[in-house]
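Structure record follows, encoded as structure tokens.
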Amino acid sequence: MRRAEQTPEHSILIQQYLDFLRLERRYSDNSVKAAYRDLLLISAPPNQVTTTALKSILAQRHANGAAPSSLARLASSWRGFFKYLLNNGAVETDPTLGLKTPKLPRSLPKAVGIDPLAALLAKPLPQEFRFAQAHVLIELLYCTGLRISEALALRAEVLGGSSELRVVGKGNKARIVPVVDALKARLEEFTEPRQVHLTKQGRVQEYALFVSAKGHPLTVRQAQRDIADHAAKSGLGQHLHPHMLRHSFGSHLLQGTQNLRAVQELLGHASIASTQVYTALDFDHLSSVYDNAFPRAK
């Protein structure tokens with residue numbers, strides 16, 4: 001589908017909304033770019049957009065083979081945009097109120113087994129800096145449940161042996177995450193190879209904790225590649241993605257504590273509903289706890 005032509009006024013409103021997402025909602029660059037692409041599909045000025053016109057765009061995308069998840073994201077982008085315009089008096093009605101998209105099944109997050117992860121993390125740091133850093137990243141993500149964007153925002157000062165991390169997550173929401181002794185030791189061990197690498201690149205004053213081959217802050221895409229490559233090279237036996245480590249943290253922590261509220265806080269979920277999906281990952285264990293603890297189950 002070709003991008004719709006926009007009036008200057010329309011373009012200004014879109015840019016103001018994107019600035020709102022980036023600066024106030026703290027959306028990532030990728031999320032802002034996705035929202036921009038979705039809004040480019042609307043041709044009419046916002047105060048002339050109708051529900052029928054939006055439904056027509058969705059129908060055409062569906063006819064062209066767009067997945068239900070794609071249509072749902074598209075409608076979500078539009079809802080956010082028109083809610084913003086309505087709150088700021090740029091439009092008088094919200095044409096997205098009548099939109100309906102396919103209900104998406106809630107998929108369970110993938111987690112890595114405790115034993116395979118333990119075997120990987122028990123190995124010493126590789127000599128090659130790229131893989132040594134990936135090893136540290138894997139341990140950090142698994143031991144803290146951080147999002148990859150949160151991990152890459154950390155500064156080198158955390159190498160000083162702190163027992164906790166202050167993280168700013170989605171919606172600019174801050175939380176404190178404890179650092180277990182094993183992770184603290186690994187971060188301290190990472191100090192020397194990181195410094196040697198940066199010295200070779202002439203960037204000894206780089207403040208980002210995780211850095212690229214040239215000593216610049218590591219990107220999400222490169223971190224994903226490094227983690228996947230290191231896991232494959234280490235014989236993990238499955239493709240490893242940063243978010244799988246976050247899911248593994250949530251699943252394994254819930255399995256050990258049954259404290260859903262604590263898991264919610266550590267993961268930085270705004271709603272307990274986001275955390276409850278982890279209960280499905282460990283139903284057998286929870287069922288056993290129920291059988292042993294609930295009076296009527298005996």
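The values are calculated or read from the model by the stated rules, or taken from the named source; none is laboratory data. If you're wondering where the values come from, they're calculated on a predicted model, not measured in any experiment. In this analysis, Cβ positions are derived from the backbone assuming ideal geometry, glycine residues included, and neighbour counts consider all displayed protein chains. Protein only, heavy atoms only, side chains kept; ligands, DNA and RNA dropped before computing areas. Shrake-Rupley method; radii C 1.70, N 1.55, O 1.52, S 1.80 Å.
Can you spot a residue in segment 186-200 that is among the aromatic types (Phe, Trp, Tyr), open to solvent by less than 10 Å² (accessible area, probe 1.4 Å), on the phi < 0 side of the Ramachandran plot and assigned to a loop (DSSP other than H, G, I, E, B)?
No.
Quick one: in segment 157-174, which of the residues that are touching a strand residue (DSSP E or B) at 6+ places or on another chain (Cβ under 7 Å) and either among the hydroxyl-bearing types (Ser, Thr, Tyr) or buried (at least 16 other Cβ atoms within 10 Å of the Cβ) (or both) is farthest from LEU23 (Cα to Cα)?
Here the residue is SER163.
Can you tell me which residue in segment 175-185 is least open to solvent (accessible area, probe 1.4 Å), limited to those that are closer than 19 Å to HIS135 by Cα and in contact with a helix residue (DSSP H, G or I) (Cβ under 6 Å, 6 or more places away or on another chain)?
LEU183
Could you grab me the full set of residues in segment 201-224 that are without any contact (Cβ under 8 Å) to a residue 24 or more places away in the chain, outside any loop (DSSP other than H, G, I, E, B) and surrounded by 13 or more Cβ atoms within 10 Å (Cβ to Cβ)?
Listed by number, the residues that qualify are GLN201, GLN222.
Tell me, yes or no, whether segment 11-30 has at least one residue that is exposed (fewer than 15 other Cβ atoms within 10 Å of the Cβ), farther than 30 Å from ALA153 by Cα and among the β-branched types (Val, Ile, Thr).
The answer is yes; a qualifying residue exists.
Can you tell me which residue is modelled with the lowest pLDDT among those in segment 124-150 that are of a type in the set (Asp, Glu) and either farther than 21 Å from LYS233 by Cβ or open to solvent by 30 Å² or more (accessible area, probe 1.4 Å) (or both)?
Going through the qualifying residues, I end up with GLU150.
Could you list, in sequence order, the residues of segment 160-187 that are modelled with pLDDT of 90 or more and within 20 Å of ALA223 (Cα to Cα)?
Passing the criteria: LEU183, ARG186, LEU187.
Read through the list (1) in contact with a Ser or Thr (Cβ under 8 Å, 6 or more places away or on another chain); (2) at pLDDT below 95, then give the number of the only condition that GLN222 fails.
(2)
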